Each structure stands twice: as C-alpha cells, then as structure tokens.
Amino acid sequence: MMAMLVVLACGEAPCDVPNTADLQPGEQTGPAMRPGSNCLRCHTTGGRAASAPFSIGGTVYESHDAEVCGGVGGVTVRVTDANGKRVSVVTNDVGNFWSTEPLVAPYSLEVERAGRVAAMPVTTPTGGCALCHSWPDPVSAIGRIRAP
Ligand code: HEC
Ligand code: HEC
C-alpha cells in the first residue's frame, strides 16, 4: 500500500488524494472525485457512498502507467452483463465513468475511442475496475485502463 502525500489540483476537485476508505476532511465528492481509485470500494451497499451505489466505475487513461491526474474524456465504456444486458457510459473530463444501472456479474468490458476498440480478454466478477487496473500496483491487469 502506497502512502500518497501529494495533493494536486485537477479541475475543480482534487484528483490525487490519499487512497483511504474514508473521505479526507473537506474532500469534494461527485463526478470528478478520486480518478484512478476503486469507486466501488465506497459506491456499494454498506460502503461510504451507499446512497449512490454503482455497478461499474473507474477511470480511463492514455497509457497503462499514466499519472493519476491524466485521465481521458470522451471514451466509451461498454459493459455486457451475465444476462446479455448492455450498458454504455462515456468518460468525463477527468476520465471517470460509472453506471448506476443494476447489472449481474460476471461482466465483459470494452472501451472505444474514435472507432478503435479494446476488449478485455477476461470477464470480471466486480465492476470496481481499479481493484485490478491500478497503478503502480496492478493486480492481474497490466495497469490502468488505456484508451485505444
Ligand atoms: C472514499 C470513498 C469514495 C470513493 C473511493 C469514491 N467515491 Fe464518489 N462519492 C463518495 C461519497 C461519500 C459521495 C457522496 C454520496 C452522497 O451524497 O450521499 C460520493 C459521490 C459521488 C458522485 C455523486 C453521486 C450522486 O448521486 O450524487 C459521483 C458521480 C461519484 N461519487 C463518482 C465517483 C467515481 C467515478 C469514483 C471512482 C473514480 C468515486 N466516486 C470514488 C465516496 C467515494
Ligand atoms: C479482476 C480483475 C479485473 C477487473 C476488476 C477489471 N479488469 Fe480489465 N483486465 C483485466 C486483465 C487481467 C486484463 C488483461 C491484461 C491487461 O490488458 O491489463 C484486462 C484488460 C482490460 C482491457 C483491455 C486493455 C487493453 O489495453 O487492451 C480493458 C479495456 C479493460 N480491461 C477494461 C476494464 C473495465 C472498464 C473494468 C471495470 C468495469 C475492468 N476492466 C475491470 C482484469 C480486470
């Protein structure tokens, strides 16, 4: 576990805050919060943001090892759930995306930018992408989710 001590400004909300399960004093919540983090750590039943549960949530970057504030907007993230239900969301200015649509795991994922598509070669039992797609400590994945 890395201790991140530097807090940088990124748009309106700080984009690099200590990766704890609790909010920092005065931390802004909302669409631009905590890029690169595992949104579902809080945005789930019983979590800190249980009032706003997500089925999927994460951040898309230019590269697997991009710095945490370098998320990419305008990238489509498509999920297909176990029942074949498909949901599409588009990343915002800080690269964040999420869905509150109820979905059944496991999930198949792909991301698309300007007609270029990258599909995840495996399915995942969780929609908290940064559980695996974290950097510099990815789990099974190569690193951050990369825009194709
Ligand atoms: C440390 C816990 C935590 C993490 C991690 C976290 N959030 Fe949040 N988020 C919150 C809290 C708390 C709120 C406020 C919920 C409320 O108003 O009841 C919130 C609110 C939001 C809202 C507004 C929801 C609404 O209905 O008003 C969005 C959008 C959001 N977060 C996106 C994200 C995204 C995207 C990520 C991951 C990149 C993320 N959050 C990661 C705790 C977290
Ligand atoms: C349980 C671990 C895990 C979770 C959670 C996970 N992934 Fe993946 N993902 C992988 C692995 C393993 C690969 C293949 C190695 C790689 O490309 O990093 C991969 C690859 C990908 C790729 C292809 C990467 C490329 O550069 O071509 C995309 C796109 C992707 N994942 C999107 C997502 C999205 C979106 C989420 C969240 C909704 C997610 N993944 C959640 C493990 C995971």
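Restricting attention to the range 58-74, report how many residues are within 13 Å of ligand 2 (Cβ to nearest atom) and either out of contact with any Ser or Thr (no Cβ under 8 Å at 6 or more places or on another chain) or within 12 Å of residue 109 (Cβ to Cβ) (or both).
8
Quick one: in the range 133-148, of everything that is closer than 17 Å to residue 39 by Cα and among the β-branched types (Val, Ile, Thr), which residue is nearest to ligand 1 (Cβ to nearest atom)?
The selected residue is 145.
Given the conditions (1) open to solvent by 60 Å² or more (accessible area, probe 1.4 Å); (2) under 25 Å from residue 20 (Cα atoms); (3) within 12 Å of ligand 2 (Cβ to nearest atom), report the number of the one that residue 134 does not fulfil.
Every listed condition holds for residue 134 apart from (1).
Which numbered condition trips up residue 113, out of (1) within 15 Å of the chain's Cα centre (by Cα); (2) open to solvent by less than 60 Å² (accessible area, probe 1.4 Å)?
Residue 113 satisfies every listed condition except (1).
Checking the structure you have, find out if any residue of the range 111-127 is modelled with pLDDT of 95 or more, closer than 17 Å to residue 37 by Cα and within 14 Å of ligand 1 (Cβ to nearest atom).
So far as the range 111-127 goes, yes, one or more of its residues are modelled with pLDDT of 95 or more, closer than 17 Å to residue 37 by Cα and within 14 Å of ligand 1 (Cβ to nearest atom).
Among the candidates 30, 84, which residue alone is open to solvent by 40 Å² or more (accessible area, probe 1.4 Å) and on the phi > 0 side of the Ramachandran plot?
Of the residues listed, the single one that is open to solvent by 40 Å² or more (accessible area, probe 1.4 Å) and on the phi > 0 side of the Ramachandran plot is 84.
Does residue 51 satisfy being out of contact with any strand residue (DSSP E or B) (no Cβ under 9 Å at 6 or more places or on another chain), open to solvent by 70 Å² or more (accessible area, probe 1.4 Å) and at pLDDT 95 or above?
Values: out of contact with any strand residue (DSSP E or B) (no Cβ under 9 Å at 6 or more places or on another chain): yes; open to solvent by 70 Å² or more (accessible area, probe 1.4 Å): yes; at pLDDT 95 or above: yes.
The answer is yes for residue 51.
Among (1) open to solvent by less than 60 Å² (accessible area, probe 1.4 Å); (2) in contact with a Pro (Cβ under 7 Å, 6 or more places away or on another chain); (3) farther than 19 Å from residue 35 by Cα, which single condition is residue 94 missing?
Here residue 94 meets the rest and fails (3).
Can you tell me how many residues in the range 39-64 are within 12 Å of residue 145 (Cβ to Cβ) and either out of contact with any Gly (no Cβ under 9 Å at 6 or more places or on another chain) or not aliphatic (A, V, I, L, M) (or both)? Even if it seems obvious, please write down each step before you answer.
Initially, the range 39-64 is screened for residues within 12 Å of residue 145 (Cβ to Cβ), giving 56-64.
Next, from what is left, pick out any that are either out of contact with any Gly (no Cβ under 9 Å at 6 or more places or on another chain) or not aliphatic (A, V, I, L, M) (or both): 57-59, 61-64.
Qualifying residue count for the region: 7.
Please note which strands (runs of 3 or more DSSP E) are completely contained in the range 31-147 and include at least 1 residues that are β-branched (Val, Ile, Thr), in contact (Cβ under 8 Å) with a residue 12 or more places away in the chain and touching an Asp or Glu at 6+ places or on another chain (Cβ under 6 Å).
The qualifying strands (runs of 3 or more DSSP E) are 76-80, 86-90, 116-119.
The values are calculated or read from the model by the stated rules, or taken from the named source; none is laboratory data. The model shown is predicted, which means the values in this text are computed figures rather than measured ones. As a convention, Cβ positions derive from the backbone with ideal geometry for all residues, glycine included, and neighbour counts pool all protein chains shown. All accessible areas refer to the heavy atoms of the entire protein, side chains included, with ligands and DNA or RNA removed. Shrake-Rupley method; radii C 1.70, N 1.55, O 1.52, S 1.80 Å.
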